[in-house]
Amino acid sequence: MSRAVCPGSFDPITNGHLDVIGRTSLQFDEVVVTVVINPNKQGMFTVPERLEMLSEATSHLGNVTVDSWQGLLVDYAQANGISAIVKGLRGANDFDYELQMAQMNHKLTGVDTLFVATNPAFSYLSSSLVKEVATYGGDVGDMLPASVHERLLARIAERAAARNGGR
């Protein structure tokens with residue numbers, strides 16, 4: 001059985017992520033979408049919230065599961081019998097960064113990294129940019145799954161209320 005891991009922060013998951021995950025699910029028997037935890041970064045959503053959003057957004061893909069991991073991704077892959085890491089690439093900058101990481105991962109464990117070119121319709125999307133635009137009132141509704149969009153707007157409203165002393 002062929003297994004792949006699609007890692008990311010998914011804070012939050014975008015339609016670009018979903019496109020890569022969906023296309024990957026057609027190529028492998030099982031795909032594990034893994035929230036990679038970076039203790040040096042504070043996300044807008046907690047890891048359990050991200051896992052819940054990922055589960056909802058990928059529920060239509062029968063061979064996709066979600067998980068989280070803190071540490072080297074290749075250690076996760078090895079521990080779970082996964083032979084491939086799949087990464088979506090938006091452009092040349094992504095490639096330069098990801099190629100070096102892929103080569104290091106292969107050197108460490110022999111796990112291969114496969115790159116999926118992002119659908120041009122989503123090449124401008126990043127979770128960070130979507131959060132920033134939404135925070136300033138921009139319409140990002142068509143960039144996220146509907147349930148994720150609702151949660152993003154609610155979180156932004158919560159944070160604004162907290163900054164304003166609950167008003």
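Throughout, read-outs are computed from the coordinates displayed, never taken from laboratory work. Fair warning: this is a prediction, and the values are worked out from it, not measured in the lab. Backbone-built Cβ (ideal geometry, glycine too); neighbour counts: all protein chains shown.
At full extension, ASP112 and ASP142 could sit 7.5 nm farther apart than now, given 0.36 nm per residue minus the alpha carbon distance. With r defined as the distance between the Cβ atoms of GLU158 and SER2 and R0 fixed at 35 Å, what FRET efficiency is calculated, to the nearest 0.05? So the FRET efficiency works out to roughly 0.25. Springs join every pair of Cα atoms under 10 Å in this Gaussian network model of the chain, and among TYR76, TYR136, TYR124 the largest mean-square fluctuation is at TYR136.
Each of the peptides 35-43, 87-95 was scored by the mean count of other Cβ atoms within 10 Å over its residues; in descending order, highest first, they stand as 87-95, 35-43. Under 5 Å from the amide H of LEU114 lie the amide H atoms of ILE85, VAL86, LYS87, each residue being 5 or more positions distant or on a separate chain, with H modelled from the backbone and absent for Pro and chain starts.
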